[in-house]
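Step one of this worksheet: look at the structure below.
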Amino acid sequence: MLKTQNTAVMKWLYVFAFVVAFLVVFGGFVRLTRSGLSIVEWNPISGAMPPIGQQGWEQEFAKYQLTPEYLKINTGMTLERYKFIFYMEWFHRNIARFAGLIYAIPVFYFLFKKTIPLKEFGIYFVMGILFISQALAGWIMVASGLVDRPAVSHFNLTIHLLLALTLFGMALWTAFGHKYGFHDSSKKGKWSLPSKLSAAFLVVLIIQITYGGFTAGLKAGHVSDTWPLMLGTLIPPNLFASWVNIFESPQTIVFIHRWFAWLGMILVPVIYYVVKKQNYPADIQNGLKWLIGVVALQIALGVLTILSYVNIVIALLHQANAILLLGLAVYFIHRFRALDRK
């Protein structure tokens, strides 16, 4: 169990969480610019450098020209255009390498200096495993789009996303422990109503993010550019004709992603009402007001993403705001559970 609080470790975890969040958002940019399949090999060490010289570029381009994406979508692409999508994916992978250093160097330094006691290293070790796992999931995702179709598996994309966001949430949770104190597991404080509602909001948010990943992987955001109507009607026919549709059908997936968000919009004001009625600390009440605004902004950005037919800037703001929501959900659960144990 974690007990040792340290400001330097807290600041490191905040920085690491921010880098992971930026990596996720930049990954969204890579996806939206169709750059993710431009590098057809995974070379964790040698891949840190781009091709050198004209021959190097032509060799790399020749590998890409054998992929389904080039053969079915980008036939005739020039080398100069290829360089753009190559560099986007190359930057994405190098940001991941940088994130790995941001994790590894400080954690071993703190361990060596005993700032992090060895007996409390478990949570930090799990973060390292999570980081490696999401990197491997990223390559498995890319590889799924290099075989017979010019797109990655939406399941693999979502797994890659959720692993990264789990890492983000774990880093924040631990950082909050360093700031506010770690929960005493010997005190079995019952889950208060605000804690339960916050946990429910987190579950709703995770489901919504999952369907956001499915939507992105299937490019389901392009199904319809109208709102609230979709394909000319409020509820298109045959959305749930088969249970498989909720995992495979672009129309069904984007429909769920459009409307499930409103459950979060309902839950947060309810949490605020309960917290205010039970006279929780002012900073928590004020924080929940901001959370209501962030949820409303998220829904507005989602609608604008639809109406703009997935404009890159709006879509990325939508994704970044979802990460902010996740961070806030982790924060409120952490605070409520701490108060439960008092």
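The values are calculated or read from the model by the stated rules, or taken from the named source; none is laboratory data. Not measured: the values here are computed from a predicted model. Quick reminder, even Gly has a Cβ in these numbers, built from the backbone with ideal geometry, and neighbours come from all protein chains shown.
Laid out as a table, the results:
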item: Residue match in segment 251-262 (condition: outside any loop (DSSP other than H, G, I, E, B), free of Cβ contacts under 8 Å to residues at least 24 places away in the same chain and outside the structural domain of Leu157 (by TED's automatic domain parsing)); result: yes
item: Filter pass, Ala8 being within 27 Å of the chain's Cα centre (by Cα), at pLDDT 95 or above and surrounded by fewer than 15 Cβ atoms within 10 Å (Cβ to Cβ); result: yes
item: Every residue from segment 263-309 that is part of a loop (DSSP other than H, G, I, E, B) and under 16 Å from Leu326 (Cβ atoms); result: none
item: Total residues in segment 93-150, condition β-branched (Val, Ile, Thr) and assigned to a loop (DSSP other than H, G, I, E, B); result: 3
item: Test for Phe26: is it modelled with pLDDT of 95 or more and under 28 Å from Ile116 (Cβ atoms); result: no
item: Pairs where the first residue, in segment 35-63, is assigned by TED's automatic domain parsing to the domain that holds Phe91 and surrounded by 15 or more Cβ atoms within 10 Å (Cβ to Cβ) and the second is of a type in the set (D, E, K, R) and assigned to a helix (DSSP H, G or I), C-beta under 6 Å, 6+ apart; result: Ser35/Glu89; Gly36/Glu89; Leu37/Glu69; Ser38/Glu89; Ile39/Glu89; Val40/Lys63; Pro51/Glu60
item: Sole exception among (1) crowded, with 21+ Cβ neighbours inside 10 Å; (2) within 29 Å of Val15 (Cβ to Cβ) for Trp173, by number; result: (1)
item: Of the criteria (1) under 17 Å from the mean Cα position of the chain (by Cα); (2) free of Cβ contacts under 8 Å to residues at least 24 places away in the same chain, which one Phe214 fails; result: (2)
item: Residue match in segment 69-81 (condition: more than 17 Å from Ala175 (Cα to Cα), among the polar types (S, T, N, Q) and either touching a strand residue (DSSP E or B) at 6+ places or on another chain (Cβ under 7 Å) or surrounded by fewer than 17 Cβ atoms within 10 Å (Cβ to Cβ) (or both)); result: yes
item: Selected residue [out of contact with any Phe, Trp or Tyr (no Cβ under 7 Å at 6 or more places or on another chain), surrounded by 11 or more Cβ atoms within 10 Å (Cβ to Cβ) and modelled with pLDDT of 95 or more] from Leu288, Leu267, Leu297; result: Leu297
item: Filtered residues of segment 186-229 (kept if surrounded by 15 or more Cβ atoms within 10 Å (Cβ to Cβ), outside any helix (DSSP H, G or I) and among the hydroxyl-bearing types (Ser, Thr, Tyr)); result: Ser192, Ser224
item: Residue ID - nearest to Ile116 (Cα to Cα), chosen from residues in segment 148-168 that are buried (at least 22 other Cβ atoms within 10 Å of the Cβ) and not aliphatic (A, V, I, L, M); result: Phe168
item: Residue within segment 166-185 that is in contact (Cβ under 8 Å) with a residue 60 or more places away in the chain, part of a loop (DSSP other than H, G, I, E, B) and among the basic types (Lys, Arg) present; result: no
